[in-house]
Amino acid sequence: MDDVRAFIDASQAFFDAVASVAWIPLALAVLLHVTRLAFRVRAWQNILRAALPESRVPYGSVFGAYVAGVGVNSILPARGGDVVKVYLAKQRLSGSSYPTLASTLLVETLFDFVVASILFVYALSRGLLPGVPELPNGLALDWTLVVEHPRLSVFLGCVILGGVIAGVAWASRRVTEFREKVAHGFAILGDRRAFLSQVASWQAGSWLARALCIYFFLRAFHIDAGVEVVVAVLVVQGISTVLPFTPGGAGTQQAVLVFALRGTASGTAVLAFSVGMQLVTVAVNLVLGFAAIAIMLKTLRVRRHLFAAREELAKAESAAPQSGSALRDRKASG
């Protein structure tokens with residue numbers, strides 16, 4: 001009976017915290033979230049421009065493809081939205097290819113990986129992340145390795161990133177034509193100044209907008225928002241994004257944030273903030289994403305286009321060895 005009463009009291013406190021949200025900070029948080037997406041789109045557009053120098057790369061098409069992918073990632077695990085990004089970009093950008101577009105998405109993550117690693121190390125040094133004993137039993141396993149072996153986790157992250165790059169390099173060596181298409185996606189990295197001014201600068205702006213967005217979400221739910229609190233939320237979101245076993249890292253974020261923000265606010269207030277922030281951002285992502293899909297594809301049947309995108313990607317990969325073989329035959333006959 002006492003447990004039931006405690007549950008009812010906790011539920012009441014949770015809904016009271018949600019109901020007392022401050023609307024002006026909430027509106028500013030939503031505006032900054034959209035601004036963050038706009039900055040990231042500009043960075044990807046510049047990567048695409050360098051990869052497709054002879055093609056027109058309009059901001060509207062890139063924005064539509066990007067937010068459509070973000071919307072799908074909000075409801076599907078394992079970053080299925082990235083397939084949507086590549087598929088929609090391929091439909092709108094003349095002269096593009098799937099290998100080129102896929103490699104531009106990898107380039108887009110490089111700056112994020114550096115920033116997220118720095119924030120992660122800072123959070124560990126300040127004790128903002130829990131160890132395994134502090135985590136609830138049955139918590140999603142995507143955090144277990146990270147918090148129990150932080151140094152190993154950073155090392156494994158570097159190994160995974162290096163493996164992806166090595167895999168692309170290995171594939172590029174197999175087929176000359178495929179290599180050229182993949183290399184186009186990395187073209188912006190050949191000009192350090194262009195990468196810093198046209199990609200890293202916009203992504204730095206997106207991180208700043210993200211931090212301010214979190215600050216105003218915290219204020220909306222009446223939680224004192226200092227630098228360490230904002231960094232803790234950034235790190236939790238970042239790891240949930242890198243390890244996307246659930247859509248948007250749902251569940252894991254809430255459990256770890258209750259620990260990370262201990263002493264700052266009550267567990268009920270932190271839970272209300274975390275759930276509220278996630279629901280609002282997911283709602284915004286879905287509205288933007290599915291509006292973009294409706295405009296660009298004239299339909300909301302995403303599943304059919306996801307299957308079509310995966311089939312086209314598979315065909316592109318299987319066609320690469322054949323085209324490379326034909327190219328070698330032409331050179332031999334020549």
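Any chance segment 222-236 includes a residue that's in a helix (DSSP H, G or I), modelled with pLDDT under 80 and within 20 Å of the chain's Cα centre (by Cα)? Quick ask: steps written out before the conclusion?
Step one: list which residues in segment 222-236 are in a helix (DSSP H, G or I), which gives 227-236.
Still in the list and also modelled with pLDDT under 80: 236.
From what is left, the residues that are within 20 Å of the chain's Cα centre (by Cα) are 236.
Yes, segment 222-236 contains a residue that is in a helix (DSSP H, G or I), modelled with pLDDT under 80 and within 20 Å of the chain's Cα centre (by Cα).
Within segment 285-298, residues that are free of Cβ contacts under 8 Å to residues at least 24 places away in the same chain have Cβ atoms under 8 Å from residues that are surrounded by fewer than 21 Cβ atoms within 10 Å (Cβ to Cβ) in these pairs: 294/300, counting only partners at least 6 apart in sequence or on another chain. Restricted to segment 105-139, and to residues that are assigned to a helix (DSSP H, G or I), modelled with pLDDT under 85 and of a type in the set (S, T, N, Q), which residue is surrounded by the most Cβ atoms within 10 Å (Cβ to Cβ)? Restricting to residues being assigned to a helix (DSSP H, G or I), modelled with pLDDT under 85 and of a type in the set (S, T, N, Q), the top hit is 117.
Scan segment 256-263 and give yes if some residue there is of a type in the set (Gly, Ala, Ser), modelled with pLDDT of 65 or more and more than 16 Å from the chain's Cα centre (by Cα), otherwise no. Yes, segment 256-263 has at least one match.
Here residue 61 fulfils each of the conditions (1) buried (at least 23 other Cβ atoms within 10 Å of the Cβ); (2) at pLDDT 85 or above apart from (1).
Of the candidates 49, 36, 40, 56, the single residue that is of a type in the set (Lys, Arg) and outside any helix (DSSP H, G or I) is 56. Checked against (1) touching a residue at least 60 places away in the same chain (Cβ under 8 Å); (2) part of a helix (DSSP H, G or I), residue 75 passes all but a single condition, namely (2).
Considering 6, 17, which residue is aliphatic (A, V, I, L, M), surrounded by 13 or more Cβ atoms within 10 Å (Cβ to Cβ) and either within 30 Å of residue 90 (Cβ to Cβ) or at pLDDT below 90 (or both)?
Working: 6 fails: surrounded by 13 or more Cβ atoms within 10 Å (Cβ to Cβ).
One residue alone meets the criteria, 17.
Figure legend. Inter-residue proximity from segment 218-237: first residues over 10 Å from residue 265 (Cβ atoms) and touching a residue at least 40 places away in the same chain (Cβ under 8 Å), second residues among the basic types (Lys, Arg) and surrounded by 19 or more Cβ atoms within 10 Å (Cβ to Cβ), beta-carbon distance below 8 Å, spacing 6+ or different chains. Indicated pairs: 234/210.
The values are calculated or read from the model by the stated rules, or taken from the named source; none is laboratory data. Treat the numbers as computed from the prediction; the structure is a model and nothing was measured. Note that we place each Cβ from the backbone using ideal geometry, even for glycine, and neighbour counts take in every protein chain shown.
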